[in-house]
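Values quoted throughout were computed directly from the atomic coordinates according to the rules given, and no laboratory measurement underlies them. Keep in mind it's a predicted model, so treat the numbers as computed, not measured. All Cβ positions, even for glycine, are placed from backbone atoms using ideal geometry, and neighbour counts span all protein chains on display.
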């Protein structure tokens, strides 16, 4: 340390700096730049690839912005200058260096906040990885991103205010009636935040589910801190406050285990009863043998009513929960019924209208 002090001692030659102090300061700047560049190009990308454990993001592209290199460089510079001020006796304009160091530190804080805000966008890549409960993790990632952005902004405001010498805590405490008014205005926001927490805990739906809630039907796009975004079948986006969701019933179509198919058929009243019974048993057998059919024990085909002009046959079948399977199954069951009716000589009922004569 004595050798360093001796090296930096001497008469000032430029702006209050001795020649030795200028060399040491230049070395600090060079080391800061090299470490910043190395961190941006090598250290951070490898850390991100190691932590994320997913191929969805590339650590090199994630850590590409030059601001990250500047951030590390600023940090190394301000720590080095602090160390020199505390442990040695450099010959320089101390007041100017303290101001410069405070500006560099403020730049580091600002760049750190920018980097943190940017990293929030990649939370889903860390949370949503292959495995079980993928939909639940998507919902968690959606809310985590909203919470992360708010946390970064609030932290940034307090940190920058502290650097500027402004005591926000005392300012907020001294607002009095204004603070009370702000608290009342934020009541709905707080309710929505607790609504988001309730959605995450109870999981009535997840991102990607098709639901009906508060009179809105569509696919859940995002679950944010205040609102849930739903895309309707008309491809419009509807924003629903989370507090409304927690106080409403939610119908989740994506949680269905199966879909129910209930076509009915009407035959002429003079149809042979045995033929209709054979039609019922034959159609039931053919449908339940279909690999798409589910809950076979709960499937049935029965005569539901007999009227003066027609005999009504009701059916009850189940298929898997996809809408595509439901449409295909309905079509195939209709064609099966037509084929079975022809096989047993049955005629579908045709409504007849009595002619009216005016005298």
- Message: How far apart, in nanometres, would the label points at residue 189 and residue 289 be if each is projected 7 angstrom from Cα along the Cα-to-Cβ direction?
- Response: 6.6
- Measuring from label point to label point, each 7 Å out along Cα→Cβ, what is the residue 214 to residue 114 span in nm? 3.6
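Rank these for me by crowding, 335, 110, going from fewest to most other beta carbons within 10 Å.
335, 110
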- Query: Quick one: 117, 265, fewest Cβ neighbours within 10 Å first, how do they rank?
  - Reply: 117, 265
- Stretch residue 300-residue 331 to full length: gain in nm at 0.36 nm per residue minus the Cα-Cα span? 9.4 nm
- Over all distinct alpha-carbon pairs, what is the Kirkwood Rh of the stretch 259-343 in angstrom? 13.1
- Message: Cut-off 15 Å, label point 7 angstrom out along Cα-to-Cβ of residue 323: give me the residues of the stretch 253-297 whose amide nitrogen falls inside.
- Response: 253-256, 259-260
- Compute the length gained on full extension between residue 159 and residue 277: take 0.36 nm times their separation in residues and subtract their Cα-Cα distance, giving the result in nm to one decimal. 34.4 nm
